[in-house]
Amino acid sequence: MKSIFREYIGISKIIRKDAWNFLIGNFFAGFGFTGFSLLFNLYLKASGRGEGTIGHILSVGTYATVLMIFPAAYLIRKMSIKPVMLIVPVMMSLGYSIAIQAETLQMIMAGIAIAGSAGAFSSVIGGPLLMQSSGEIERTHLFSINHAVALLSGITGNLVAGSLPDLIQQMGISAATGYKTAIFVHLVIAVVSLIFYSKIKVRTISLTGEGGEGKKFRLNLKTPKKLLAYLAVPPMIVGLGAGMTIPFLNLYFKTRFELSANNIGMLFALAQLFTIGGALTAPLLARRFGKIMSVIMSQVFSLPFLLILGISHYLPLAVIAFLIRNALMNMSAPISSNFSMECVHPDDRSITSGLLSLAWLFTWGITANIGGYLIEHTGYMLPFAFTMVFYVLSSYLYYRLLYPVEKNRSLSVKRGSTDTFI
């Protein structure tokens, strides 16, 4: 542990200023938008919106991101990067502000759509900018630090977001107004990121990694489409299951157990810590059982805990189930992503990453609508049951489609070849 600590101390001394400014800006942006994510559902519920309507609102933001991901990936190669980085947090905060100020459903959805569209640019900027702002020596560590910053901003954002509404309501302010005020505070904090993003000197994002003009954007796939389809289908099924319940977990603890926003915030912050534990365990599982089998195991082992969440009315049991399920499912995601990046041609990695995000987000948006309707009219048991069914189906597809690919890849590596194409 000491050697790892010394290693990171040494690496921190050679990380470039652009990278540090990006990391610090990400912390403030992550802090603010995590707070919004925790409180927005609670605000809508306190304002009299049902779970069906909430699911519909959330799906609008998801689809806005889906529609803009590939255009955003194309446009950032054609535009100066600094104006984009400065505009994105402003547009996201503006969209979210419109959503919580609006009185009509249409305006709420318009605000969420604005924020979702801007968020697409944020999702495609990070990796290329870190690549361009680092050298070979510190690059791997820098990506790890960026992940740690995201988790830290999530933990602190959830803690503060949970405590603010309770403090505001103690002044005699209504619950809905308390949530709205707390959200505004977090959006202001998110805009603080502009101070640090404005100091970044990288002008353009290139495909070559270290400045220069890069290559023109082309969609000449060198990976067989059959393999890309195999990689995309299981995450699509996971998205169908996750959309049923995951967007409503804060409402689940609010409505079933009457937890305060403060307790929900602490619970979600604790879940982030469990996520760190899962992330640290994932490489060990992958080395022992292989990547695809580790994904299957993590999803299958999460099923009993989903069942507990669906049927339990005993808070301590539900909390334990929530934390373990969160760690297991978040453990599988990076393993699956890592496997996908290894399987495809290096030139196709960015398009594959976008494809996998689209696959998950698209189906997630569909079932967020359905899940909200079912929760509002039948309760939580049925949506959790559907989530379990989709996770089982996804695990089967990982085994049926991708486990043979991993076995063939292992054999190819032993023979001195890395050709994994079908």
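The values are calculated or read from the model by the stated rules, or taken from the named source; none is laboratory data. Just so it is clear, the structure is predicted and the values come from calculations on it, not from any experiment. No Cβ is skipped: glycine too gets one built from the backbone with ideal geometry, and neighbour counts run over all protein chains shown.
Here is how the numbers come out for the structure above:
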item	result
In region 7-30, the residues that are of a type in the set (Phe, Trp, Tyr) and either more than 28 Å from residue 270 (Cβ to Cβ) or surrounded by fewer than 24 Cβ atoms within 10 Å (Cβ to Cβ) (or both)	8, 20, 27, 28
Residues of region 342-381 classified as surrounded by 21 or more Cβ atoms within 10 Å (Cβ to Cβ) and not in a helix (DSSP H, G or I), total	2
Which listed residue is within 16 Å of residue 96 (Cα to Cα), surrounded by 24 or more Cβ atoms within 10 Å (Cβ to Cβ) and not β-branched (Val, Ile, Thr), from 44, 38	38
Total residues in region 49-76, condition over 19 Å from residue 369 (Cβ atoms) and either of a type outside the set (Ser, Thr, Tyr) or crowded, with 19+ Cβ neighbours inside 10 Å (or both)	8
Tally of residues being free of Cβ contacts under 8 Å to residues at least 40 places away in the same chain and surrounded by 15 or more Cβ atoms within 10 Å (Cβ to Cβ) across region 88-109	6
Cβ pairs under 6 Å, 6+ apart, first in region 24-52 and more than 16 Å from residue 186 (Cβ to Cβ) and in the same structural domain as residue 99 (by TED's automatic domain parsing), second surrounded by fewer than 22 Cβ atoms within 10 Å (Cβ to Cβ) and charged (D, E, K, R)	50/376; 51/376; 52/376
First in region 325-337 and closer than 12 Å to residue 297 by Cα and not assigned by TED's automatic domain parsing to the domain that holds residue 284, second anywhere and modelled with pLDDT under 90 and surrounded by fewer than 22 Cβ atoms within 10 Å (Cβ to Cβ), Cβ under 6 Å, 6 or more apart	none
Residue check for residue 117: part of a helix (DSSP H, G or I), under 25 Å from residue 21 (Cβ atoms), of a type outside the set (A, V, I, L, M) and modelled with pLDDT under 85	no
Region 257-266, subset surrounded by fewer than 23 Cβ atoms within 10 Å (Cβ to Cβ) and of a type in the set (A, V, I, L, M, F, W, C), residue farthest from residue 317 (Cα to Cα)	266
Boolean, residue 100 is in a helix (DSSP H, G or I) and more than 19 Å from the chain's Cα centre (by Cα)	yes
Enumerated helices (runs of 4 or more DSSP H) restricted to region 1-76, each holding at least 2 residues that are within 25 Å of residue 119 (Cα to Cα)	17-46, 51-75
Pairs with Cβ under 6 Å, 6+ apart, first in region 165-187 and in the same structural domain as residue 48 (by TED's automatic domain parsing) and over 14 Å from residue 93 (Cα atoms), second of a type in the set (Phe, Trp, Tyr) and assigned to a helix (DSSP H, G or I)	165/179; 179/43
Residue check for residue 254: buried (at least 19 other Cβ atoms within 10 Å of the Cβ) and either more than 18 Å from the chain's Cα centre (by Cα) or without any contact (Cβ under 8 Å) to a residue 60 or more places away in the chain (or both)	yes
